[in-house]
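Presented below is the structure to which this report refers.
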Amino acid sequence: IGSRESVIGKVINAEIQRYRKKKVFEVTIDDGSGRLTAKWFKGNYTYLRNTFKKGARAILTGEIREFLFGKDIIHPDFEILDEENDNHDNLLHFKKIVPIYSETEGLHQKYIRRIMMEVVENYSRYILSPIPEEICKSQHLADINYSMRNIHFPELDQDIEAFNSLRSVAHRRLVFDEFFLFELGMALKKKGYILEKGISFKKDGKLQERFYQILPFKLTDAQKRVIEEIKENMESDFPMNRLLQGDVGCGKTVVSMAAMVIACENGYQAAIMAPTEILAEQHYSNIKEWAGLLGLKVAILTGSTKTVERRNVREKIESGDVDIIIGTHALIQEGVEFKKLGFIVIDEQHRFGVVQRATLRGKGINPDVLVMTATPIPRSLAMTVYGDLDISVIDEMPPGKKP
């Protein structure tokens, strides 16, 4: 009583019972030691009546409860036994490790399992391995067909805990395939960037020297190192795609400004896209002051920008009358056209989707891209997930600031 059990018995009775105004379909089975009543308070009663024929043998699984003078089981999983599966070898839902799939309304476990069994049995053998055989052998990977069958319907001698923890031999093979293809995609993506013709910026101009002079503080060694890494990318003929990682307050904004100054001095526009209006306003406040001292024009464009002002900003962006544009998702909307976008900064990059970042990049001609994040990312994970990006880390805080 109170535990989940599986019971095999002969159907003694199967009919709809009425309790006041409520209809309940009840099936009583007898296993020779006693009787158990299965109850369904909802469902397709016609299907149930046609399934549970008197005299048929059925297996029920569910929580056993004590009810009045007997025992019952509510909405159990069930399977009808016939001569073909009477030895239990061909049961799909019982006497074996069974998969639990995510359900949607009207599509239940038993139906999904039947579909998946049909698919696995009839089509898994046609799956071809995308991984070279020598790699499979060196990594001791299971066969792809075996893995596809076993991850859905494990053999009886398998360790159920390995499957529940996603560490079975079958899981290991499929996980390896996913990572292998993901990294292959990252490598091809990075190769594509390298093959693209980018902008070769001239660095170390007078405007950049002026920028360092107007700063009321000295750059940290980490900031100087990262700026040199960015400048090296900008000088090359290939588009830059770099991830800049650093704690809040480490000085990522001033580093991005140094890069944007280079772009502007070379006659290109620069843009910063932030995930929120508050963050965009903060960038605008800092950058506007620096830009004013350098003779650069700055504009901001967000969702709350008024219609008349929005139109004016768009016209300035399109005519090239503004050098640095700061904004939110408004920057990637239709109608925002840049005259000569050459450098893009994306702040808190994880807050933007791939399509959004690509849309902004598409508004220029292979512009350099710098994505910034304050979220600590372990080096191994960064190399895996952001394999198409070069990585810079500001690992030093300015004097007087704490992470």
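Every number in this text was worked out from the coordinates using simple rules, so none of it is lab data. None of the values given here were measured: they were computed from a predicted structure. Heads up, the Cβs are rebuilt from the backbone with ideal geometry, glycines too, and the neighbour counts pull from every protein chain shown.
When the helices in the chain are scored as -39500 (n - 2.57) per DSSP H run of 4 or longer and the sum is shared across all residues, what 222 nm value do you end up with, to the nearest 500 deg cm²/dmol? The helix-only estimate for the chain comes to -11500 deg cm²/dmol at 222 nm.
Considering only alpha-carbon pairs that sit under 8 angstrom and 6 or more positions apart, the relative contact order computed for region 121-195 is 31 percent. For Cys136, the shell of other residues with beta-carbons less than 14 Å away shows a net charge of -1, using +1 for Lys and Arg and -1 for Asp and Glu.
When each of the peptides 71-80, 288-297 is scored by how many other beta carbons lie within 10 Å of its residues on average, the order from highest to lowest is 71-80, 288-297. Relative to its residue count, region 121-195 spans a Cα convex hull of 111 Å³ per residue. Since only Thr220, Ile160, Val120 are under comparison, the one whose Cα sits farthest along the positive direction of the charge dipole of region 101-236, derived from C-beta charges on Lys, Arg, Asp and Glu, is Thr220. Of the DSSP H helices in the chain, those that are both long (alpha-carbon extent of 24 Å or more along the helix axis) and hydrophobic (Kyte-Doolittle mean at least 0.0) are 169-195. Of all lysines in the structure, those lying under 18 Å Cα to Cα from Lys53, and not within fewer than 8 positions of it along the same chain, are Lys10, Lys39. Each distinct pair of alpha carbons in region 174-323 adds a 1/r term; the inverse of their mean, the Kirkwood radius, is 17.6 Å.
Across the chain, C-alpha contacts under 8 Å between residues 6 or more apart give a mean separation that, scaled by the residue count, equals a relative contact order of 14 percent. The Rg/Rh ratio of the chain, with both radii computed over alpha carbons and Rh defined as the Kirkwood radius, is 1.21.
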